[in-house]
Amino acid sequence: MHINNPNPAFGSELEPFHGIPSFMRLPVTRELDNVDVAIIGIPLDSAVSYRSGTRFGPRKIRESSLMIWGFNRVLNISPASELNIVDYGDLSVIPMDMQATMENITEGTKSVLEKDVKVIALGGDHSISLPLLRAHAAKHGQLAVIHFDSHPDTWDEEFDNQLYSHGTPYRRAIEEKLIDPNTYIQVGIRGPISGSEDITEPEEMGVNVQTIEKVFDRGIPAIISEIHKTIGDCPVYVSLDIDSVDPAFAPGTGTPEVGGLSSYQILQLVRGLKGLNIVGFDLVEVSPPYDHSEITSILAANLAFEFLSLLALIK
Ligand code: MN
Ligand code: MN
């Protein structure tokens, strides 16, 4: 990389190992005039059911993004040349108060969406999807959803009557009519399953559940077609739980499940979302204390770059 590279992703003439790590070294600001996309961190791990540590996810993903040079060779686009992208910093999290935290996330996200700025949220555990969906549905109406995960996250409760864990956001989102279960697809589901109802319940609600066996039996191109068929041209929110990826490729997460996607397969799936009417993204469950050699956070940073590329294509 030449130090005078004109790529606007690089806010200084210094090499990536210099300076303070914002996402892709983009400007850190809350000034949103003429901004197209805001990268927003949500450092929450209050709602996990097993290993914690996702509060350190946003910071680590930012650091692991510094080596992304800015051109997406497969999608043939430089997102930072097409879009005005900023690193908005983090939304406020109160670890022992989920209700207040969810309100902060919804209101903080709404204030960004109101300015016609799209949001890529970096978690944080998966409970952040519910307040993010509340904000996005307030702007766009009922949403379609593409949800990559090893877990359905449509359980009714965890820890005896707790409604707002990282295993329940999509049940609540259906109940609150934020999302339409008939345009909601889950991809990569495999466990841990306490009974067949963990799969059949979301299916009975209308959700298209593509278990990991279906993904591997049918192949990635068929799953991409299935996603497009399910979503059509509806405004769609994309949620990517890093544990959809096999722990061999993404060990830094709180509830790892063996037998998952490779890093290349998740990249293929995300690139396959090209052409859809995407209104928002979250990328959740990266837990740096359980990571090794930044394997997981580097993948997460690259997936966020793919999200930016998709938004640049639909600009
Ligand atoms: Mn999840
Ligand atoms: Mn999961």
Treating the angle as unsigned and between 0 and 90°, give the value, to the nearest 10°, between the Cα long axis of helix 129-140 and the longest Cα principal axis of the chain.
80 degrees
Ignoring ligands, DNA and RNA, what accessible area per residue does the chain give at 1.4 Å, in Å²?
40 Å²
Too long for a 32 Å Cα-Cα cut-off, among 118/229; 60/177; 110/214; 139/214, are 60/177; 110/214; 139/214
Label-point separation (nm) for residue 50 and residue 162, each offset 7 Å from Cα along Cα-to-Cβ?
1.5 nm
Over region 8-314, what is the relative contact order in percent, taking alpha-carbon pairs closer than 8 angstrom and at least six residues apart?
21 percent
Among the Cα-Cα pairs of the chain, the proportion with separation greater than 23 Å, in percent, is 52 percent
Hull surface over four for the Cα convex hull of region 214-275, reported in nm², is 4.5 nm²
Which percent, to the nearest 5, of DSSP beta bridges fully inside the chain are antiparallel?
5 percent
Per DSSP, the loop-located GluC sites (Glu not before Pro) within region 104-165 having at most 15 other beta carbons within 10 Å are 114, 157
Roll a 1.4 angstrom probe over the protein heavy atoms and tell me the percent of accessible area of region 94-181 that is carbon or sulfur.
47 percent
Fraction in percent of alpha-carbon pairs per bin - 5 Å, region 39-80
5, 19, 18, 17, 14, 11, 9, 6
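The values are calculated or read from the model by the stated rules, or taken from the named source; none is laboratory data. Owing to the predicted nature of the structure, the values given are computational and were not obtained by experimental measurement. So basically every Cβ, Gly included, is an ideal-geometry build from the backbone, and we count neighbours across all protein chains shown. Note: areas computed on protein heavy atoms with side chains; ligands, DNA, RNA excluded. Shrake-Rupley method; radii C 1.70, N 1.55, O 1.52, S 1.80 Å.
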